[in-house]
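To keep things clear, I will list the structure first and then write my remarks on it.
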């Protein structure tokens, strides 16, 4: 173990209890630089242990007896914010370090009350953080560490000005930008707001013990996709993240599946914060077997132990196909990437999958199971 000896005893014990098989490359590289106070630009794919790579050094560096906000993590979405707060809470249990989330869509008055208690760590979305900064409830000059998680999103046109305004409002601070891709905008921030930033790049190939991932497809008519999803949701051991290309399609499928009592939940931008949390909890706790989402809603979500990624619609680009598919087969576990393929999309699908190490398998629905084989017969209604 490399970085562990630099962490305090509590963190070392928690690491041992968490039973990790190995350190991830991003952790080995980022943690020492973060501990020594360097500004950092880190490129690492989603699901490579990035969150823990900045959570651990922050917990080491904040002073529990100092009642002021010392670290700020800025995130582009509510889900990612909630997820990061959960990780912090897991690792701060039994310590005097407190964490508060300041995300849009939640009650602002309640957040102000929490800020009065001076949490050492704050995780928030740009708009809400800006409101609280302007009303002088969030004291930016006290913050010593700023992390931009999903930096490419935070510095895209939508959030850019707000995020730069937040960074500019801090005084002496360490700035860390973590992102799956390094954009021109991130480079500009590095140049303008960082002191000799350390650059870290981890590629998907460096991630240890990636499980075996099977790519497969089942031919179906567009109108039968919802029914096929319902059947998949009854498969024993299924734990699938299903992607659709548009919000309209998602809402339509959601209402049909809810009507049929399928163990499926959805995640989309029109849901309230508590609805989103319930959907994620039900999925994580195994109450439901499939979570349907659009790419936007699923961005930054790190759900462990997915058995399947289901492309309900063939993605618009090869990057999108690979990005979605990369969410299964992590940390040494096997997974399957299943595409519900209509005749209309066959050509595009062939194009996206021709670079894969092996040819996708064709599967058919037979007696309540998905089995290998080819068939011109489309599924009849029923289980």
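Since every read-out is calculated from the coordinates, none of them should be taken as a lab result. All values reported here derive from a predicted model rather than from experimental measurement. Using ideal geometry, Cβ is built from the backbone for each residue, glycine included, and neighbour counts are taken over all protein chains shown.
General observations
- Spin-label model distance (nm) - residue 191 vs residue 221, 7 Å beyond Cα toward Cβ: 5.7 nm
- The chain: most fluctuating residue of 236, 86, 185 per GNM, C-alpha cutoff 10 Å: 236
- If R0 is taken as 35 Å, the Cβ-Cβ distance between residue 255 and residue 35 corresponds to a FRET efficiency of 0.10.
- Among 123, 85, 55, the order by Cβ neighbours within 10 angstrom, fewest to most, reads 85, 55, 123.
- At 1.567 mPa s and 4 °C, Stokes D of segment 3-206 from Kirkwood alpha-carbon radius, µm² per second: 76 µm²/s
- Ranked by how many other Cβ atoms sit within 10 Å of their own Cβ, fewest first, the residues 290, 145 fall in the order 145, 290.
- Subtracting the Cα-Cα distance of residue 10 and residue 236 from 0.36 nm times their residue separation leaves 77.4 nm of extension gain.
- With kT/(6 pi eta Rh) evaluated at 4 °C and eta = 1.567 mPa s, and Rh the Kirkwood radius from Cα pairs, segment 61-119 diffuses with a coefficient of 105 µm²/s according to Stokes-Einstein.
- Extension gain from residue 269 to residue 322, taking 0.36 nm per residue of separation minus the Cα-Cα distance: 16.8 nm
- Gaussian network model of the chain, springs between alpha carbon atoms under 10 Å - residue of 101, 249, 109 with greatest fluctuation: 109
- Amide N of segment 67-82 lying under 20 Å from the label point, which is placed 7 angstrom from the Cα of residue 116 along Cα→Cβ: 67-70
- Fully extended contour minus Cα-Cα distance, from residue 281 to residue 168, at 0.36 nm per residue: 37.1 nm
- Square roots of five times the Cα gyration tensor eigenvalues for the chain, Å: 39, 22, 20
- Among 52, 338, 188, residue whose mean-square fluctuation peaks in a GNM of the chain (springs only between Cα atoms under 10 Å): 188
- Which of 66, 306, 235 has the fewest Cβ neighbours within 10 Å, and the rest in rising order: 66, 235, 306
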